[in-house]
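The block underneath contains the structure these notes are about, expressed in structure tokens.
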Amino acid sequence: MYQAIYRKYRPKTFDEVISQSEIVGVLKNQVMNKQLGHAYIFSGTRGTGKTSCAKILARAVNCLNPKDGNPCNECANCKSILNETTMDVVEMDAASNRRIDDIRDLRDKVIYPPALLKYKVYIIDEAHMITNEGFNALLKIMEEPPSHLIFILATTELEKVPQTILSRCQRFDFNRIDRAGISKSIKLITEDLNIKIDDEAIEMIARSADGAMRDAHSILDQVLASSEDHISSDLVSSIIGTVKSDTVFELVENIINENEIESLSTLELIFDSGIDSGEFISSLLEHYRNLLLSKTVPGRLTGYDDESINKYSQQSKKIELSRIVDSIEIILDASSQMRKSELTKIISQITIVKLIEQVDRKNLLSRIEKLEKEISELKKGGRITYVSSDAGENKPTVPSKSENKATLTELKKELIEQETKTEAKTEPKPETIKEAKTDSDSKAETKPTEPSAVEKPEAIVIPELKEDGEKPETKAEALNPTSEELETVIEGWNSFVSTVTKANPFWEFWINDLKPIDVSKNKLTLYLPKDQTIAYKKAESLKDELKEGLNKYYNKNYEIIITTESNLEDKSEEEIDETFQLIVDLFGKDNVEKI
């Protein structure tokens, strides 16, 4: 009679168990040191080796000739357990023996010593299915069992087992089996069966198993029934409905190149081959996840052959990190929509279009935030003021560069002209004189005559000016008078930032806040706002790398200084105060407003 692969190739020793090295190490030591527990609970998802380890432990504790904690599988005791001819090792299903009467019957039987073996072992699968009353009936015997009795409980839902039971058991949590382990097992089995199998077919089976060895063996059973001596990736894809990795690579390549026609055509071919939308979305999500790992931590991409890892690495270089993250979010959203709708094919097509036409949202938000900060700084510095339009709306106005450049010169010229006209005139015109209120002696005073061509403003807005009257072009320039060398650094700064962030994507989150403000004696000072604490710490920790990249880019040998302080800001304010006082002397304190 044909025996299923998962039964035929079940591990017979602890050393054959895959991906559970910590657990089997403890169990082997307990057997060797004869420090056995009276109750164990094995938890984990399906197909991770819980029942296999329970069977191995049952043989190991009863083996007449154990080898390094493993059963020999050759002695009479081991053979009787393997052939299921002994009554001293009992494997029962809690799903069908869950009632209190079943547990009471079990409790009455376990007190008797074993007939032939050293220990009586009870393996209870799906232990979480036992009723609360059944657990209560089992509680006393688990708390004070006879010396010959060992309980091994296996469950996939540990949270349903009462704490009173858990506290009396040694708990072992079984992990999902990694793809490398599953692939290795499949390769060994096919070699033993003298059957050829493609590497991509092994990868597809391992990916479809999702960490469960039994699922992988069941899929292999199904594939073997459809093939004689060779298993191809096309055969596996047609049987289990998995998208071929080459097809997904081709699709994502078209998405990166923003080719909608080819992308949607490839999607139609996938659907025509019998792949459902859910499996397609899962494969696409897995692909983008691998691109993310390849771009950030290449060493973590495991379970693939060298050729596949190289293909992921090459493709990840063609797409920005932020776009990969946004793509994963789009695919996850599509997966959520599919669970609520029957129009899964349309959702898949829309997802492809979204992946092609997506906007770099994080970069856009970053640019908007940066613009808002600059506008706020302009308001504080007096470079932006709001004026009323004819429609009654307040609109921001920014003095142009030419206006800023001419403002101080014109005001000084106006002062000189006014003084000259005042001395030359014998009698001021009535319309140009503003009469003051008479005092107690009825003595009249007159204000200086204003130029007839210039209307008297309600309030004069003083923009923040540099010494030469120019409006600062950038934040870095606003903090420091320019020099030729500093101007050179500032002109190439954005290009330098773009270059280093391509090589180090994670630098993008802090290097954009750095601004060059001073160059002197081969020392380049970079400014950071005081509130950018995280960016400051990151910049300090990576100062050497930053220095190396910066000197290489500018072909210099600068020492890097990073500061959050700038005395130049105070100097700029002093210059504005002097200009303001000059205008007050010209127009009078009541006619000038500083903002």
Name the single residue that is nearest to ASP276 (Cα to Cα) among those in the stretch 328-358 being exposed (fewer than 14 other Cβ atoms within 10 Å of the Cβ) and basic (Lys, Arg).
ARG339
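This table checks each residue for (1) among the polar types (S, T, N, Q); (2) part of a helix (DSSP H, G or I).
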| site | (1), (2) |
| --- | --- |
| ILE182 | no, yes |
| LEU188 | no, yes |
| ALA201 | no, yes |
| ILE205 | no, yes |
| ARG214 | no, yes |
| SER218 | yes, yes |
| ASP221 | no, yes |
| SER227 | yes, no |
| LEU235 | no, yes |
Of the residues that sit in the stretch 505-521 and are under 36 Å from the mean Cα position of the chain (by Cα) and open to solvent by 60 Å² or more (accessible area, probe 1.4 Å), which one is modelled with the lowest pLDDT?
PHE509
Residues of the stretch 32-49 being open to solvent by less than 20 Å² (accessible area, probe 1.4 Å) and at negative phi, in sequence order, are GLY37, ALA39, TYR40, ILE41, PHE42, SER43, THR48
Among the candidates LEU524, LEU546, residue that is open to solvent by less than 30 Å² (accessible area, probe 1.4 Å), more than 23 Å from SER316 (Cβ to Cβ), part of a strand (DSSP E or B) and not hydroxyl-bearing (Ser, Thr, Tyr):
LEU524
Matching option when the condition is assigned to a loop (DSSP other than H, G, I, E, B) and modelled with pLDDT of 85 or more, among GLU91, GLU74
GLU74
For the structure I just gave you, tell me whether ASN494 is closer than 22 Å to GLU377 by Cα, under 36 Å from the mean Cα position of the chain (by Cα) and either exposed (fewer than 15 other Cβ atoms within 10 Å of the Cβ) or modelled with pLDDT under 70 (or both).
yes
Would you please name the residue that is least open to solvent (accessible area, probe 1.4 Å), looking only at residues in the stretch 159-180 that are in a helix (DSSP H, G or I) and among the charged types (D, E, K, R)?
ARG179
Is it the case, given these coordinates, that ILE56 is in a helix (DSSP H, G or I) and free of Cβ contacts under 8 Å to residues at least 40 places away in the same chain?
no
For ILE124: the one exception among (1) touching a helix residue (DSSP H, G or I) at 6+ places or on another chain (Cβ under 8 Å); (2) in a strand (DSSP E or B)
(1)
Mind checking which residues of the stretch 80-100 are under 52 Å from the mean Cα position of the chain (by Cα) and open to solvent by 40 Å² or more (accessible area, probe 1.4 Å)?
LEU82, ASN83, GLU84, VAL90, GLU91, ASP93, ALA95, SER96, ASN97, ARG98, ARG99, ILE100
Residues (open to solvent by less than 30 Å² (accessible area, probe 1.4 Å) and closer than 20 Å to PHE506 by Cα) located in the stretch 298-327:
LEU301, TYR312, GLN315, SER316, ILE319, LEU321, ILE324, ASP326, SER327
Cβ pairs under 6 Å, 6+ apart or interchain, first in the stretch 192-220 and under 20 Å from SER283 (Cβ atoms), second in a loop (DSSP other than H, G, I, E, B) and among the charged types (D, E, K, R), ordered by first then second residue, are ASP199/ASP305; GLY211/ARG176; ALA212/ARG46
Of those in the stretch 243-292 that are surrounded by fewer than 19 Cβ atoms within 10 Å (Cβ to Cβ) and among the hydroxyl-bearing types (Ser, Thr, Tyr), the residue nearest to GLN337 (Cα to Cα) is SER282
Within the stretch 9-17, can one find any residue that is part of a helix (DSSP H, G or I), surrounded by fewer than 18 Cβ atoms within 10 Å (Cβ to Cβ) and under 41 Å from the mean Cα position of the chain (by Cα)?
yes
Of all residues in the stretch 132-179, how many are out of contact with any Phe, Trp or Tyr (no Cβ under 9 Å at 6 or more places or on another chain) and among the hydrophobic types (A, V, I, L, M, F, W, C)?
6
Suppose we filter the stretch 54-94 for residues that are closer than 21 Å to ASP173 by Cβ, in contact with a helix residue (DSSP H, G or I) (Cβ under 7 Å, 6 or more places away or on another chain) and of a type outside the set (Gly, Ala, Ser); how many remain?
2
Could we say that VAL61 is open to solvent by less than 40 Å² (accessible area, probe 1.4 Å), of a type in the set (Val, Ile, Thr), over 19 Å from GLY181 (Cα atoms) and at pLDDT below 95 here?
yes
In this structure, is LEU139 open to solvent by less than 60 Å² (accessible area, probe 1.4 Å) and at pLDDT 90 or above?
no
Give me the residue from the stretch 221-231 that is open to solvent by 70 Å² or more (accessible area, probe 1.4 Å) and touching a residue at least 24 places away in the same chain (Cβ under 8 Å) and, out of that set, nearest to LYS244 (Cα to Cα).
HIS230
Here the residues within the stretch 190-199 that are part of a helix (DSSP H, G or I) and either more than 15 Å from ILE5 (Cβ to Cβ) or not hydroxyl-bearing (Ser, Thr, Tyr) (or both) are GLU191, ASP192, ASP199
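The values are calculated or read from the model by the stated rules, or taken from the named source; none is laboratory data. Fair warning: this is a prediction, and the values are worked out from it, not measured in the lab. Backbone-built Cβ (ideal geometry, glycine too); neighbour counts: all protein chains shown. Calculation scope for accessible area: heavy atoms of the full protein, side chains included, ligands and nucleic acids excluded. Shrake-Rupley method; radii C 1.70, N 1.55, O 1.52, S 1.80 Å.
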